[in-house]
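The numbers here are math on the coordinates, done by the rules we state, and not lab data. Predicted model, so just to flag it, every value in this text is computed and none were measured. Because the Cβ atoms are built from the backbone with ideal geometry, glycine has one as well, and the counts that use them run over all protein chains shown.
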Amino acid sequence: MSLSNLTKDKQIIAIVCNQFGDTGKGKFSDYFAANWADVIARGTGGNNAGHTIILNGKEKILHLLPSGIIQDSKGKINILGNGMVIDIKALCQELEELEKENLTYKNLMISKDAHIIMPWHVSQDRAKNMSQKSGGIGSTGRGIGPCYADKIARRGIKIADLFDEEVLEYKINKIKQFYPEQEIDFQKTLSELKPYIEKIKPFVKNTIQEIHKLKEQGKKICLEGAQGLFLSVEHGTYPYVTSSDPSINGTASGVGLNAQDVDLTLGIIKFPFMTRVGAGPFPTELGGKSSEEYCAQGLEHDEDYEIKTYIGNANKQEKTIDLMNSEDEFTQGVGIRLAAGEYGATTKRPRRTGWTDAVLAKYARRINGPHFILTKVDSLAGAKQFGICYGHKLNGNTTTEYDQNGKFLKQITPELKFYDGYSDISQVKDFDSLPEGLKQSIKDFEDFTGGKVEIISVGAGRDETIVR
């Protein structure tokens, strides 16, 4: 199938994650922005996201701006929706980075109804939520959770409030009582924010009205998801979740649409391995608790550390393949992390690695729909075998259904089916030319989940993509 066949008669397409985030939404938002969409809109999260795209052969990481922003000069409209929480200082830094690279952003729209991450949100998040020790969540420390908490508690500050000093002063003075450990001063806060307020002012719009106008004009709209379904406050491994709902429902609502407006939802799945950043249940994790504790040390075990410790002076590619093929699961996980470059785009922390869990994917299909994109498939080139999880086993009983219960998920044993590994597939252009073991695993995965794999990513580049 060609992209034109996949998108035929479609006006609104959504790119969401069906796992724990970090699955490659940036590549495919960029892919659809370049090849199909007129409008790219994001509706959840904040600068806890890290969307990586390839620009002129180099990696570029965006945290707030939709990946389609690099297509601005071609008239593409990029929207930061009402469901987001925005650190305007961080946003302005991203805009300045675009300026340095001679990239425009004249068609950017920022929702007047998005909430603002204030300095006290960041301070509280770093003080209380970043550590993964003693069962801590391991947040990014960017103030996302506290900002959403204030939004739900009806004391949040919106983008629109920045342009009415009387309202802004009232809200800031009112919020002081909820942050008694911090010194919050209206004039000081206003002075710090003033330059950023002026910079974003031309782009602030009623984006809900705007996106409906664009829809009525027949513009093709791509919704760019953030984080992943199993980090959703509604569907994820609560409480080890983010503070928004990254499902198709939350993603659509976050830009002022409803899920029924979306003609095609593409749920991204890392395959045949998956990752998780931060604490929380991860049934298929290679190395289990040892891996979780190791990765919880964060930057102590970053990529430089792992190269020095596990690669040393050896040939990196050859040694990495040796690690992936180790009989020790923990070491396999390190090898996969090195082979796939699995370190947080936002935090730089090592991502926990494990085999793709079809039980979770089946649940994701029910929430986000049956259409899948598989990513990072090329990363396991050289592995002798790989596993896919088709059941969660506890006390002799096996279930093929996802259960949000964190205690259950931490205790289960994954039931794995193993397949023959494969070599480099980055030059493969069609599904039928993929290695037999990989093709069989994809067919089994589709049969088990009830989903359909529409696209397979065989490399980071835009053209390293198979559309079935």
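Quick rundown of the values:
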item	result
Debye, to nearest 20: dipole size of the stretch 228-299, +1 on Lys, Arg Cβ, -1 on Asp, Glu Cβ	200
34 Å tail of the calculated P(r), the chain, as % of Cα pairs	32
Electrostatic dipole magnitude of the stretch 340-385 [Cβ: Lys, Arg +1; Asp, Glu -1; Cα centre; debye, to 20]	160
Over the chain: helical MRE at 222 nm, DSSP H runs n ≥ 4 each giving -39500 (n - 2.57), nearest 500	-9500 deg cm²/dmol
Charge-dipole axis of the chain as Lys and Arg at +1 and Asp and Glu at -1 on Cβ define it, positive-most pick from 255, 311, 398	255
Estimated dipole of the chain in Debye, rounded to 20 [Cβ of Lys and Arg +1, of Asp and Glu -1, Cα centre]	740
113, 185 arranged by Cβ crowding within 10 Å, fewest neighbours leading	185, 113
Hits among aspartates and glutamates - C-alpha to C-alpha of residue 106 under 17 Å, sequence gap 8 or more where chains match	38, 72, 94, 96, 97, 198, 210
Part-to-part distance (alpha-carbon centres) for the stretch 180-221 and the stretch 24-43, which is given in Å	22
Proxy reagent accessibility, fewest Cβ within 10 Å first, across 274, 118	118, 274
Extreme residue, positive dipole direction of the chain, given options 225, 39, 141 (C-beta unit charges)	39
Dipole of the stretch 315-368, positive direction: furthest Cα of 367, 325, 354, with charges on the beta-carbon	367
Low-density loop positions, GluC sites (Glu not before Pro), the stretch 236-342 - DSSP coil, at most 15 other Cβ in 10 Å	327
